[in-house]
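Undergrad: Got a structure here, written out as C-alpha cells. Questions coming.
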Amino acid sequence: MKYAIVEISGRQFWIETGKYYDFNRIPTELGKQITLNRVLLLNNEGNLLIGQPYLDSVTIKGKILEHLRGKKTIVYKMRPKKKTRKKQGHRQELTRVLIEDISIA
C-alpha cells in the first residue's frame, strides 16, 4: 500500500492513488494536470520516507475533475441584551482532484 501525506493550502491530507479529494479552490481549468510537491511523508509498501520538512524527490500527479461548493454552514452572531442578531451562511469553494500517480525520482 502506497500513500503520502501532503500539505495543500495550509492543510494536510492523507493521499492514495486512484482516489479523489476535495481541496480549497485551485484556480485552473477542468481536466488540467497538477503536481503536488509539498510531500511530508511517503509510505512505499513499508518503506517510510520522512521529509525535513518536505521530500524533494517525490511528486504526486493529479487531475482536476470539477469545481464545486461545500455544504452550507450557518454563522450566527448575537449580542446578549442588545437585540442584535446576525445570521449569515457560508459555502466554501472547493476543487475535486483525482490522484493519478505517486512517483519517486
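Undergrad: Which of the following residues is farther than 16 Å from residue 104 by Cα and modelled with pLDDT of 95 or more: 60, 64, 50?
TA: Unique residue meeting the criteria: 64.
Undergrad: In segment 65-82, what residues are in contact with a Leu (Cβ under 6 Å, 6 or more places away or on another chain) and either of a type in the set (A, V, I, L, M, F, W, C) or not in a loop (DSSP other than H, G, I, E, B) (or both)?
TA: 65, 68
Undergrad: Continuing with this model, one more query. Is it true that residue 26 is out of contact with any Phe, Trp or Tyr (no Cβ under 6 Å at 6 or more places or on another chain) and either open to solvent by 70 Å² or more (accessible area, probe 1.4 Å) or assigned to a strand (DSSP E or B) (or both)?
TA: The answer is no for residue 26.
Undergrad: Just give me the residues in segment 49-96 being of a type in the set (A, V, I, L, M, F, W, C), open to solvent by 90 Å² or more (accessible area, probe 1.4 Å) and under 26 Å from residue 17 (Cβ atoms), in sequence order.
TA: The one that is of a type in the set (A, V, I, L, M, F, W, C), open to solvent by 90 Å² or more (accessible area, probe 1.4 Å) and under 26 Å from residue 17 (Cβ atoms): 50.
Undergrad: Moving on. Would you mind telling me which numbered condition in (1) outside any loop (DSSP other than H, G, I, E, B); (2) within 24 Å of residue 2 (Cα to Cα); (3) open to solvent by less than 40 Å² (accessible area, probe 1.4 Å) residue 35 fails?
TA: Status for residue 35: all satisfied but (3).
The values are calculated or read from the model by the stated rules, or taken from the named source; none is laboratory data. Being a predicted model, the structure only gives us computed values, none of them experimental. All Cβ positions, glycine included, derive from the backbone under ideal geometry; neighbour counts span all protein chains shown. Calculation scope for accessible area: heavy atoms of the full protein, side chains included, ligands and nucleic acids excluded. Shrake-Rupley method; radii C 1.70, N 1.55, O 1.52, S 1.80 Å.
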